[in-house]
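> If you scroll down you'll find the structure; I have some questions about it.
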Amino acid sequence: MVNEQNLLKEWQERLGLQDWAITLRINCKKDDMDLEEVAGETEWSLSIKSASIKIISKEEYGERIVPYDFENILIHELLHLKFGLIDQKITSYESDVAYEVRHQLIDDLARALVMAKRGETKRKLSCQRVKDMRLED
Ligand SMILES: [Zn+2]
């Protein structure tokens, strides 16, 4: 049976993160998160290869442009560990831009990986939300 812990194991292996100690907290509420409007959050330590991942529940996620997909969120958070090597906490305009770019890359890669696993070629968006946004413009 596919459960969240099995998915973690599966993707740790695919991404070459088997030697990391990762704890996964699922069904989190918005209040459990340090940041607003996030689906998942990860704290990590590169030197001891340890991480703690929190993922919001489907109910708390609600209606967003991208439909809730646990596996996608999990891969996204795991990719943060891979990109952690080039993460730097410098405060400057350039580092803020680099952060956004890196985050977009992580999200594209997570989506591509999950689509590859499922044999999909088209990205899923919540059409109603996109239509609503277009009307607001
Ligand atoms: Zn992220």
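The values are calculated or read from the model by the stated rules, or taken from the named source; none is laboratory data. All of these numbers come straight from a predicted model, not from anything done at the bench. Ideal geometry is used to build each Cβ from the backbone, glycine not excepted, and the neighbour counts take in all protein chains shown.
> Go through the residues of the range 13-30 one by one and say whether even a single one is assigned to a helix (DSSP H, G or I) and modelled with pLDDT under 95.
Yes - at least one qualifying residue is present in the range 13-30.
> Could you grab the pairs with beta carbons closer than 7 Å, sequence gap of 6+ or different chains, first residue in the range 95-110 and exposed (fewer than 15 other Cβ atoms within 10 Å of the Cβ), second one modelled with pLDDT under 95 and not aromatic (Phe, Trp, Tyr)?
Pairs that qualify, where the first residue is exposed (fewer than 15 other Cβ atoms within 10 Å of the Cβ) and the partner is modelled with pLDDT under 95 and not aromatic (Phe, Trp, Tyr), are Ser95/Gln88.
> While we're on this one: Across the range 39-73, what is the total count of residues that are surrounded by fewer than 16 Cβ atoms within 10 Å (Cβ to Cβ) and within 13 Å of the ligand (Cβ to nearest atom)?
Number satisfying all stated conditions: 1.
> With the requirement that a residue be within 20 Å of Gly84 (Cα to Cα), within 15 Å of the chain's Cα centre (by Cα) and outside any strand (DSSP E or B), what does the range 35-70 give you?
Answer for the range 35-70, where residues must be within 20 Å of Gly84 (Cα to Cα), within 15 Å of the chain's Cα centre (by Cα) and outside any strand (DSSP E or B): Leu35, Val38, Ala39.
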